[in-house]
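Notes follow the structure.
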Amino acid sequence: MKEFKNITISIPEEYFDLAIASLMDFSVLGIREDYDSLIITFDNAVVNEKLIENLLEALQDIYPDTKILSQDIISPKNWNEEWEKNVPLIKISERIDILPEWKKSESNAEIPIIINPKMSFGTGQHETTRLISRLMEKYCKPNQKWIDVGTGTGVLAILAVKLGAKSVFAFDNNEWSIENARENIILNKVEDLIEVREADIEEIELPESDGICANLYANLVIYGFEKFYNSLIENKGVLLVSGILRYQEDEILREAKGNGFELLEMIYEEEWLAAAFQATDR
C-alpha cells in the first residue's frame, strides 16, 4: 500500500508565498499552512536524503533559519482523514459559510462557498480570509466588476459573484493556485462570470473595476496601491486589503492616503487586520 510523508517545516508566515512558489519545483502532493509552519505532503517513495537536502536548501534561500520540525509517515486512509479533518466548515457570517465539498450537508447558509483545497490558505481557516470576506459582504454590490488579486483557492472571486458581482478578474502568480481556483470556480458553478489568469502583480495591467480584494502581504499591498487606484478611480471604487499585521497599520494608512485612498473602516482578528478604502480624486 502506498505511503505518504508529511514534512513539517518552520518558517514565518510572511515568507509563505515565496516558500510555496519554491515548493512547486518538488513533487509535492499537498501543502497545509499552520502558525509559522508549513506541512508538506509527499509520496513517501520519492522522499530521500537528497530531496530533503534540496528542499531545505531551497527554503533556507528564502528564510535562512528554516528548519524541519518533523517527518511523519502516514497511510492513505490516515492522510485522507487528516486532510479532511483539517479543512473544517468556517462560518464567516450568518449568511456565508466556507466549506469543503464533503461537508455540504452541514451548511444551511444562504451563501455557501465550496472549496476543495490543494493547500489550506483560502479555506477560511486563516484570519485574513475571514476578515476580508466579512468586508466583501458589506462592500461588494450587485452588478459590479471586481478584481481578486492573489486569488489562491479562488474563494474571494467566488464570493464576489455569489454576492452579485457581474464579473470578476482573478489572478495569481502560482500555477498550483490557478489550477485549484479553476476547479473550485467550476465546483461553485460560477465559471461563466470569472476570468482566471496566471500573472504577477508587478507585470499585470488591471482593468477598470468597481472593487478590488487583495489578500496579500503588506509589501505587495503597498506596491499595488498605484495600480489599484488606477483601476478604481473612474468609478470611485472600493479597495479591500488584508494579510497585514497590526504593527503595520500606520504604514498601510500612510501609503494608502499618499496614493489617493480614503479609509472607510478597519477590522481586526488576533494580530491581523483588514481595511476598506475608497479611491478619491487626488
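Since every read-out is calculated from the coordinates, none of them should be taken as a lab result. Treat the numbers as computed from the prediction; the structure is a model and nothing was measured. Methodologically, a virtual Cβ is constructed for each residue, glycine included, from the backbone with ideal geometry; neighbour enumeration extends over all protein chains shown.
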### Message
On a straight-distance basis, which lysines could pair with K166 in a cross-link, Cα separation under 21 angstrom, same-chain partners fewer than 8 positions away excluded?
### Response
K138, K141, K145, K189, K236
### Message
Defining a contact as two alpha carbons under 8 Å apart and six or more residues distant in sequence, what relative contact order in percent does the chain show?
### Response
13
### Sites R246 and K138 - FRET efficiency at Förster radius 22 Å, r taken between beta-carbons, to 0.05
0.60
### Message
So for each of 42-53, 167-178, 264-275 I average, over its residues, the number of other beta carbons within 10 Å; can you give me the resulting order with the highest mean first?
### Response
167-178, 264-275, 42-53
### Message
Over the range 114-257, what is the relative contact order in percent, taking alpha-carbon pairs closer than 8 angstrom and at least six residues apart?
### Response
24
### Task
Among DSSP beta bridges lying fully in the chain, give the percent that are antiparallel, nearest 5.
60
### Query
Among the DSSP beta bridges whose two residues both lie in the range 171-282, what percent are antiparallel, rounded to the nearest 5?
65
#### Entry: Inverse of mean 1/r across different Cα pairs in the chain, Kirkwood, Å
19.4
### Task
Give the long-range amide H neighbours of I92: residues separated by 5 or more places, or on another chain, with amide H under 5 Å away, using H modelled in the peptide plane at 1.01 Å from N.
D97, I98
### Query
At a Förster distance of 25 Å, what's the computed FRET efficiency of S27 paired with E203, Cβ-Cβ distance as r, to 0.05?
0.35
### Message
So if I restrict to the alpha-carbon atoms in the range 180-256, what is the Rg, and what is Dmax, the biggest pairwise distance, in Å?
### Response
14.1, 40
### Query
Distance from the Cα centre of the range 1-79 to that of the range 133-173, in angstrom?
30
#### Entry: Linear extension gain, E183 paired with V46, 0.36 nm per residue minus alpha-carbon span
46.7 nm
